[in-house]
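Below you'll find the structure, written out as structure tokens, and then a few comments.
The values are calculated or read from the model by the stated rules, or taken from the named source; none is laboratory data. Just so you know, these numbers come straight off a predicted model, no measurement behind them. Quick reminder, even Gly has a Cβ in these numbers, built from the backbone with ideal geometry, and neighbours come from all protein chains shown.
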Amino acid sequence: MTVNHAGRGPRLLRRLGLPTIAGSGPFVVANAIDSLGYGLMFAFPIVYFAETTSLSLPQVGAAMTIARLLTLPAPMLAGPLLDRFGARAVGVTGMAISAVGFLGFLVAHASWQVILVTALTHIGSSVYSVSSSALVVLAAVEPEERTRWFGFVRVLRNIGVGLGGALGAAAVGVGGEDGLRGIVVANALSFVIALWLIGTWSPRRPSPPPVVPVAGKAAGPATGNAPATGKAAAASAAGAPTAPVSYLAVLRDGAYMRLVAVNVAIVFAAVMLGVLLAIAVTDGLHQDTWYVGALIVVNTGMVITTQTVATVFIERYRPTRVIAVSCLLNAAAFGVFALLHGAPGWLVVAGLFAGIFLYTVAEIAAVPPTSELSVALAPEHARGRYLAVFQMSWTVGGALAPWLLTSLFAQGPVWPWIFLLALSVLAVPVVLSLERTMARPRQSEAVPI
């Protein structure tokens, strides 16, 4: 008897929550290399300039803050470029700008030079971030696989950043200033390799739908989507290109802006790990510093080992419901952290690990469906501008969160947790209100390469 082994591989991949990678190898490798390079320099820019220039630590910090503020509009500039030139071109451009910026680290000595090269790295990162979701659309031949792709890319990011951070720390520990320069060169080289991979990648395209004749009408492609209505339908019928969409039109799209508002709550929760956790554990709860590292290891390990498998479960449910549950889990985690103040020592330690467990489950659940909705709710012809606005929630939230959370902490160690808890709870009805929008017909899944 002949046993048919065909299809076992794909079935196993689906059970593990992995997307169909065939045809997207360059995109996968580029993501891994980019994440590794990002991890190499993640913790060392301030140390680098403090060691290799005559600038004081406050001067370096001020220069880097100015650079970040100057680059806040970068996503908005990248959006129209994505609509016009496509995801690959914009992704390659972002990586090229980052490579130039990191090479500039080698010759930056004055404050203005530090501002310039740091600004270039932030611009490059922002430009690539705007294109990254559109690149996932290219990699996912079938729209149903996009959630898996977002989860898979997130795992690659965590592995690359973790490994890169470890290698960067080892290089600095062994080589000192020379080690710092070495990781700068390695980081720039990683971006060059990654942009070459993206630039030479030929994404697979979905097979055209069959043509089904309809009585009384011209034959057309059979799709699962309802026909377009209004001006879009008229333009499509006439064969005319869709008119460009301005950022003002994006801001007037109530459904999408509600998604952006929900993502702000998710951004503040995400930033907590790097901004608030250490000071809350050491200064607020008076625990040893090593607990901070242990909590971060638990978070990263859970994401790496369970993110793709979790998508198998996540994709069974409406993305809005999954995001709502993740917000409630975040609220529970922040509530646990708040209640630890004044608790006995043994309960504090147990509570910290219980809180980080809830927090990580919320993180694993939230990111893939949120990324999927950022694409699904955006009209194809204006996807670049929509994704740019979505990216701004990360940019602005990431800029405001450190100041706001530390200011609240100065008023009392419980206040940041109360704020984050309230923000997470408020996001629940907002994201559930999107279910009426999700019932509408979707736009075409085509995206410019």
Subject >> Lone qualifier among Thr121, Thr93 - being crowded, with 23+ Cβ neighbours inside 10 Å and either in a helix (DSSP H, G or I) or among the aromatic types (Phe, Trp, Tyr) (or both) >> reply: Thr121
**OP:** Collect the residues in the stretch 378-404 that are under 21 Å from the mean Cα position of the chain (by Cα) and among the aliphatic types (A, V, I, L, M), keeping them in residue-number order.
**Re:** Ala378, Ala382, Leu387, Ala388, Val389, Met392, Val396, Ala399, Leu400, Ala401
Original post:
Out of curiosity, is Gly398 surrounded by fewer than 18 Cβ atoms within 10 Å (Cβ to Cβ), in contact (Cβ under 8 Å) with a residue 12 or more places away in the chain and farther than 23 Å from Gly86 by Cβ?
Top reply: yes
Original post:
Consider Ala378 against the criteria (1) surrounded by fewer than 22 Cβ atoms within 10 Å (Cβ to Cβ); (2) of a type outside the set (Ser, Thr, Tyr); (3) touching a helix residue (DSSP H, G or I) at 6+ places or on another chain (Cβ under 9 Å): it satisfies all of them except one. Which criterion is unmet?
Top reply: (1)
**OP:** Could you tell me whether any residue of the stretch 165-182 is hydrophobic (A, V, I, L, M, F, W, C), touching a Gly at 6+ places or on another chain (Cβ under 6 Å) and either in the same structural domain as Gly301 (by TED's automatic domain parsing) or more than 15 Å from Ala30 (Cβ to Cβ) (or both)?
**Re:** yes
Original post:
Looking at this structure, is Thr305 within 19 Å of Val155 (Cα to Cα), hydroxyl-bearing (Ser, Thr, Tyr) and in contact (Cβ under 8 Å) with a residue 24 or more places away in the chain?
Top reply: no
Subject >> Pairs where the first residue, in the stretch 184-195, is among the small types (Gly, Ala, Ser) and the second is modelled with pLDDT of 90 or more, C-beta under 7 Å, 6+ apart >> reply: Ala188/Ala99; Ala188/Phe102; Ala188/Leu103; Ala194/Met95
Original post:
Restricting the search to the stretch 97-109, which residues are surrounded by fewer than 20 Cβ atoms within 10 Å (Cβ to Cβ) and in contact (Cβ under 8 Å) with a residue 12 or more places away in the chain?
Top reply: Val100, Leu103, Gly104, Leu106, His109
**OP:** For the stretch 110-130, enumerate the residues that are over 15 Å from the mean Cα position of the chain (by Cα) and either of a type in the set (Phe, Trp, Tyr) or within 15 Å of Leu195 (Cα to Cα) (or both).
**Re:** Trp112, Thr121
Original post:
Would the stretch 133-142 turn up any residue that is assigned by TED's automatic domain parsing to the domain that holds Ser35, touching a residue at least 60 places away in the same chain (Cβ under 8 Å), of a type in the set (D, E, K, R) and assigned to a helix (DSSP H, G or I)?
Top reply: no
Original post:
Using beta carbons and a limit of 6 Å, which pairs, at least six apart or on different chains, have the first residue in the stretch 422-449 and under 24 Å from Val264 (Cβ atoms) and the second one at pLDDT 75 or above and β-branched (Val, Ile, Thr)?
Top reply: Ala427/Val262; Val430/Val262; Val431/Val262; Val431/Thr320; Val431/Ile323; Leu432/Thr320; Leu434/Thr320; Glu435/Thr320
Original post:
Out of all the residues in the stretch 279-300, which are in contact (Cβ under 8 Å) with a residue 12 or more places away in the chain and not in a helix (DSSP H, G or I)?
Top reply: Leu285, Gln287
Original post:
How many residues does the stretch 253-278 contain that are at pLDDT 85 or above, in a helix (DSSP H, G or I) and farther than 21 Å from Pro369 by Cα?
Top reply: 1
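Yes/no matrix, rows are residues, columns are (1) at pLDDT below 85; (2) crowded, with 16+ Cβ neighbours inside 10 Å; (3) more than 19 Å from Gly274 (Cβ to Cβ):
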position	(1), (2), (3)
Val29	no, yes, yes
Ser35	yes, yes, no
Gly39	yes, yes, no
Phe44	yes, yes, no
Glu51	yes, no, yes
Ser54	no, no, yes
Pro58	yes, no, yes
Ile66	no, yes, yes
Thr71	no, yes, no
Original post:
Got at least one residue in the stretch 316-326 being of a type in the set (Ser, Thr, Tyr), part of a helix (DSSP H, G or I) and closer than 20 Å to Ala140 by Cα?
Top reply: no
